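One structure below.
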Amino acid sequence: MNLNKFLQFSFIILLLGATSIVFSQSRIINVPSGVGTLNEAIDGDTTATGERVDPDNTVYVLERDGFYLLTGTIENRFPLRIWAAEGSGKRPILQPGVSEGGESSSPFRPLDNFHIKGLYVTNMDELGQILLRTIRVSADNAKIIVDDCHVDYTCLLYTSDAADEEDSVD
């Protein structure tokens, strides 16, 4: 009887240890709310030689109640995870910005695996133009995960490059 309890206790300790090892392997990048901060955090997350810093384990975490104005389409040629911070508060809002030339673009263009979680993504740019697609998938074998997100003002949540090239809706 005592051996059975010992084995159960040992199994629980082993399971907890393995779980903490898996979670501790994630590299967390906390991104402050603001104009272009998410674009800059992702684009600037490189080594001196321009290589990505641990893309397989990196998670970009956005502030609750935060507002993120995107300064261009976020393209990834590497696994990309963008998640809302845990806890209370409103979902972080992501909105396409408008360039000096008056143009805006889809928020995301995955070229590799892509995972967003707990976000509020609007497809209406800062001047009120509604864009055609929120996620423009440009890879044949990319795994796209949209987990617990609110997406508004979108005609198409995601499409492939084989779809219509028109990027805005009248």
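The values are calculated or read from the model by the stated rules, or taken from the named source; none is laboratory data. The shown structure was predicted, so the numbers you read here are calculated from the model rather than taken from an experiment. So basically every Cβ, Gly included, is an ideal-geometry build from the backbone, and we count neighbours across all protein chains shown. Protein only, heavy atoms only, side chains kept; ligands, DNA and RNA dropped before computing areas. Shrake-Rupley method; radii C 1.70, N 1.55, O 1.52, S 1.80 Å.
Restricting segment 51-86 to GluC sites (Glu not before Pro) that sit in a DSSP loop and have at most 14 other Cβ atoms within 10 Å of their own Cβ leaves GLU51, GLU86. For PHE67, nonlocal amide neighbours, meaning residues 5 or more places apart or on other chains whose placed amide H falls under 5 Å from its own, are GLY34, ILE93.
Please state the charge dipole magnitude for segment 20-97, taken about the Cα centre, from unit charges on C-beta atoms (+1 on K and R, -1 on D and E), reported in debye and rounded to the nearest 20. Walk me through the intermediate numbers first.
Working: 7 positive and 10 negative charges, 48 e Å.
In total the dipole reaches around 220 debye.
Cβ under 11 Å from ASP56's Cβ, ASP56 left aside: what net charge do those residues give with Lys, Arg +1 and Asp, Glu -1?
Details: positive: ARG27, ARG52, ARG81; negative: ASP54, ASP112.
So the surrounding residues net to +1.
Ignoring ligands, DNA and RNA, please state the percent of accessible area on segment 28-93 from carbon and sulfur, probe 1.4 Å. List each step's numbers first, then the result.
Values: 1700 of 3440 Å².
Roughly 50 percent, rounded to a whole number.
Per residue, segment 66-122 exposes 44 Å² of solvent-accessible protein surface, assessed with a 1.4 angstrom probe and all protein chains in place. Summing charges over all other residues whose Cβ lies under 15 Å from the Cβ of GLU126, with Lys and Arg as +1 and Asp and Glu as -1, gives -4.
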